[in-house]
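Novice: One structure, pasted below without further comment.
The values are calculated or read from the model by the stated rules, or taken from the named source; none is laboratory data. Not measured: the values here are computed from a predicted model. FYI the Cβ positions are ideal-geometry reconstructions off the backbone, even for glycines, and counts take in every protein chain you see. Calculation scope for accessible area: heavy atoms of the full protein, side chains included, ligands and nucleic acids excluded. Shrake-Rupley method; radii C 1.70, N 1.55, O 1.52, S 1.80 Å.
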Amino acid sequence: MFRAFTTIATMLTLTGTAMHSDEINVYSYRQPELIKPLFDAFSKETGIDINIAFLKKGLVEKLLAEGDRSPADLVVTVDISRLNSVVEAGVTQSVSSEIMNKNIPSKFRDPDGHWFGLTSRARIIYASKERVLDGEVTTYEDLASSKWSGRICTRAGTNSYNLALTSSMIAHHGKVEAKKWLHGLKDNLARKPSGNDRAQVKAIWSGECDISIGNTYYMKKLLSNKDQRAWAESVRIIFPKFENGGTHVNLSGIALTKAAPNKENAIKLMEWLTGEDAQEIYAEKNGEYPLRPGSNPSELVSSWGKLTPDTIPLITLAKLRPDSLRITEEVGFDE
Ligand code: FE
């Protein structure tokens, strides 16, 4: 059974002995470097080993195919739609935990206990320090204004981060207005969408565009990379808001699988990840926003400014994903 677990995964880190009883198996869409330090700290504290299978795609299909025999206990991923798609596929089970209910605000967890947020991140504007004035962009709606013609860079509109942002636009203004906005944004692009969020900041640094859309924590990643630090230093972060709301946030989260062979330990890990120590590691090492009340973002993250998160429930954004994808394709955003 464990062999199957290792061969299908695109990459695997084994930290323990296979079939050892004190272990937890995790399927993750999150990159190794982001969760490894956390899992290592948990293992050190509890003696429970964690095996991680990093998957680039097909996580739901894999769980469905494995059924009751799946070795996976937990699913870790970013983006509310991805998390929700695991739940909707029927491969998770409900967890009732006083600890998690206390540590995670209700809007960041499933009322039925099938998914729990672990951290949040804002989708914000990276703006050229040289070519963008203070106050020049304050809302997401602004991005469709013709004053930005030829000045914006972004990754693909069909990327899950951008789909969630467009879902927010639909939630605030309806599908028709959201589609107009997407059209306007597309018309303002300096180039065809390509690359990740970091590549857009590089394009600002090189003068190709003046602003880009990206997640907050990439600023920390850029600053910690000696080859990318200059890109980060050419921009500042602006927290745009919706005209009738706040700044768009998304999450990283976790769910217990239906088959979970190591359920008790898996819940122990879930609870630990929402606790003080883990939330601090998330904040410090990953530059994400902790969800636990009383845990604060790192000094660096705080220095970017005050985040006022939008109030549209995250699950609403997941439900709007099909509409968001449709209008993104209809405007030919990535063409
Ligand atoms: Fe990311």
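Novice: What are the ³J(HN,Hα) couplings of segment 255-265, residue after residue, when phi is run through the Karplus curve with 6.51, -1.76, 1.60 and θ = phi - 60°? Round to Hz, x for glycine and proline.
Specialist: 3J(HN,Hα) across segment 255-265, in whole Hz: 9, 8, 6, 5, 7, 2, x, 10, 4, 4, 5.
Novice: A further question on this structure: What is the list of residues in segment 184-205 whose amide nitrogen lies under 16 Å from a point 7 angstrom out from the Cα of residue 146, following Cα to Cβ?
Specialist: 184-189
Novice: Excluding residue 304 itself, calculate the net charge of residues whose Cβ lies under 11 Å from the Cβ of residue 304, where each Lys or Arg counts +1 and each Asp or Glu counts -1. Please report the intermediate quantities before stating the final value.
Specialist: Details: positive: 220, 236, 306; negative: 299.
That works out to +2.
Novice: Would you mind getting the accessible area per residue of segment 98-162, heavy atoms of the protein chains only, 1.4 Å probe, in Å²?
Specialist: Values: 2630 Å² over 65 residues.
Heavy-atom SASA per residue in segment 98-162 reads 41 Å².
Novice: Taking a 25 Å limit on the Cα-Cα distance, which of the listed pairs 220/306; 226/306; 36/129; 56/180; 175/202 fall beyond it?
Specialist: On the way: 220/306 16 Å; 226/306 27 Å; 36/129 34 Å; 56/180 32 Å; 175/202 32 Å.
Exceeds cut-off: 226/306; 36/129; 56/180; 175/202.
Novice: Near the amide H of residue 92, under 5 Å away, which other amide H atoms are found, from residues 5 or more places off or on another chain, if H is placed in the peptide plane?
Specialist: Amide H neighbours of residue 92: 258.
Novice: Ordered by residue, what ³J(HN,Hα) values in Hz, to whole numbers, does segment 22-32 give under the Karplus form 6.51 cos²θ - 1.76 cosθ + 1.60, where θ = phi - 60° and Gly and Pro are x?
Specialist: 8, 8, 9, 10, 10, 9, 10, 8, 7, 5, x
Novice: Keeping every protein chain in place, order 155, 30, 229, 82 by accessible area at 1.4 Å, biggest value first, i.e. largest first.
Specialist: 229, 82, 155, 30
Novice: Mean-square fluctuation check for the chain, GNM, Cα pairs under 10 Å: which of 29, 282, 161 is largest?
Specialist: In the Gaussian network model the winner is 29.
Novice: Ignoring everything except DSSP H segments at least 4 long, calculate the 222 nm mean residue ellipticity for the chain; use -39,500 (n - 2.57) per segment, divide by total residues, nearest 500. The partial results should precede the final answer.
Specialist: On the way: 15 runs with 132 residues, N = 335.
Calculated mean residue ellipticity at 222 nm is -11000 deg cm²/dmol.
Novice: Right, next: To test your reading of the geometry: what angle, between 0 and 90 degrees and rounded to tens, separates the Cα axis of helix 160-173 from the longest principal axis of the chain?
Specialist: Value to nearest ten degrees: 60.
Novice: Please go through segment 159-249 and write out the GluC sites (Glu not before Pro) that DSSP classes as loop and that have at most 14 other C-beta atoms within 10 Å. List each step's numbers first, then the result.
Specialist: Working: sites: 177, 208, 233, 243; in loops: 208, 243.
Qualifying residues, ordered by number: 243.
Novice: Counting only other residues whose beta carbon sits under 11 Å from that of residue 161, what net charge do I get with K and R as +1, D and E as -1? Provide the component values of the computation, followed by the final result.
Specialist: Values: positive: 82, 121, 123, 155; negative: 79, 197.
Within the 11 Å Cβ shell, the charges total +2.
Novice: With label points built 7 Å along Cα→Cβ from the Cα atoms of residue 106 and residue 57, find their separation and express it in nm.
Specialist: With each label point 7 Å from Cα toward Cβ, the separation is 3.8 nm.
Novice: To continue, here is another question. Of the trypsin sites (Lys or Arg not before Pro) in segment 97-141, which ones lie in a loop per DSSP and count no more than 13 other C-beta atoms within 10 Å?
Specialist: Working: sites: 102, 107, 109, 121, 123, 129, 131; in loops: 129, 131.
Within segment 97-141, the qualifying trypsin sites (Lys or Arg not before Pro) (loop, at most 13 other Cβ atoms within 10 Å) are 129.
Novice: Moving to a separate point now. According to the square roots a ≥ b ≥ c of the eigenvalues of the Cα gyration tensor, what is the shape class of segment 205-248, taking rounded for a/c under 1.5, prolate for a/b larger than b/c otherwise, and oblate for the remainder? Intermediate results must be reported in sequence, preceding the final value.
Specialist: Working: a/c = 3.63, a/b = 1.79, b/c = 2.03.
In terms of gyration-tensor shape, oblate.
Novice: A further question on this structure: Using a Förster radius of 35 Å, what is the FRET efficiency between residue 206 and residue 139 based on their Cβ-Cβ separation? Nearest 0.05, please. Provide the component values of the computation, followed by the final result.
Specialist: On the way: r = 27 Å, r/R0 = 0.76.
Here the calculated transfer efficiency is 0.85.
Novice: Using amide H atoms built in the peptide plane, which far-off residues or other-chain residues are under 5 Å from residue 139 H to H?
Specialist: So residue 139 has HN proximity to 241.
Novice: What's the long-distance tail for segment 88-219, i.e. % of Cα pairs beyond 21 Å? It would help to have the intermediate numbers written out before the result.
Specialist: Details: 4301 of 8646 pairs.
Within segment 88-219, distances greater than 21 Å cover 50 percent of Cα pairs.
Novice: Non-local amide H neighbours of residue 118 (under 5 Å, H modeled in plane, Pro and chain starts lacking H): which ones?
Specialist: 252, 253, 254
Novice: Would you list 239, 42 from the most to the least accessible area, probe 1.4 Å? Don't skip to the end; give the middle numbers.
Specialist: Working: 239 35, 42 0 Å².
The ordering from most to least exposed comes out as 239, 42.
Novice: Output ³J(HN,Hα) for segment 85-102: one whole-Hz value per residue in order, computed from phi by the Karplus curve 6.51 cos²θ - 1.76 cosθ + 1.60 with θ = phi - 60°, and x for Gly and Pro.
Specialist: Once rounded to whole Hz, the list reads 5, 5, 5, 5, 6, x, 10, 10, 9, 6, 10, 10, 9, 4, 4, 5, 5, 7.
Novice: Now for a different question. Where is the GNM fluctuation largest for the chain (alpha-carbon springs, 10 angstrom cutoff): 305, 135, 246?
Specialist: Looking only at 305, 135, 246, the largest GNM fluctuation is found for 135.
Novice: Then there's this: So with the 1.4 Å probe, I'd like the accessible area per residue for segment 225-335, rounded to whole Å². Present the calculation step by step, with values, prior to reporting the outcome.
Specialist: Numbers: 5050 Å² over 111 residues.
Accessible area per residue, segment 225-335: 45 Å².
Novice: Going by the alpha-carbon gyration tensor, a ≥ b ≥ c the square roots of its eigenvalues, is segment 225-335 rounded (a/c under 1.5) or, if a/c is not under 1.5, prolate (a/b greater than b/c) versus oblate?
Specialist: Numbers: a/c = 1.76, a/b = 1.15, b/c = 1.54.
Since a/c reaches 1.5 but b/c is at least a/b, the shape of segment 225-335 is classed as oblate.
Novice: Quick check: at a probe of 1.4 Å, how many percent of the accessible area of segment 255-335 sits on carbon and sulfur atoms? Write out the running numbers ahead of the final one.
Specialist: On the way: 1880 of 3860 Å².
Carbon with sulfur: 49 percent of the solvent-accessible area.
Novice: Over what distance in Å are the Cα centres of segment 60-100 and segment 208-226 separated?
Specialist: 31 Å
Novice: Between residue 36 and residue 335, what is the FRET efficiency for a Förster distance of 45 Å, r being their Cβ-Cβ separation, to the nearest 0.05?
Specialist: Values: r = 38 Å, r/R0 = 0.84.
E between residue 36 and residue 335, to the nearest 0.05, is 0.75.
Novice: Still on this structure, I have one more. With every protein chain left in place and a probe of 1.4 Å, what is the accessible surface of residue 106, to the nearest 10 Å²?
Specialist: 80 Å²
Novice: Taking only the alpha-carbon positions of the chain and ignoring solvent, what does the Debye formula give for the base-10 log of I(q)/I(0) at q = 0.08, 0.09, 0.10, 0.16 Å⁻¹?
Specialist: Per q value, in the given order, log10 I(q)/I(0) is -0.38, -0.48, -0.59, -1.38.
Novice: Using a Förster distance of 41 angstrom, determine the FRET efficiency expected from the C-beta separation of residue 229 and residue 68, and round it to 0.05. Let's see the in-between values first.
Specialist: Working: r = 49 Å, r/R0 = 1.19.
After rounding to 0.05, the efficiency reads 0.25.
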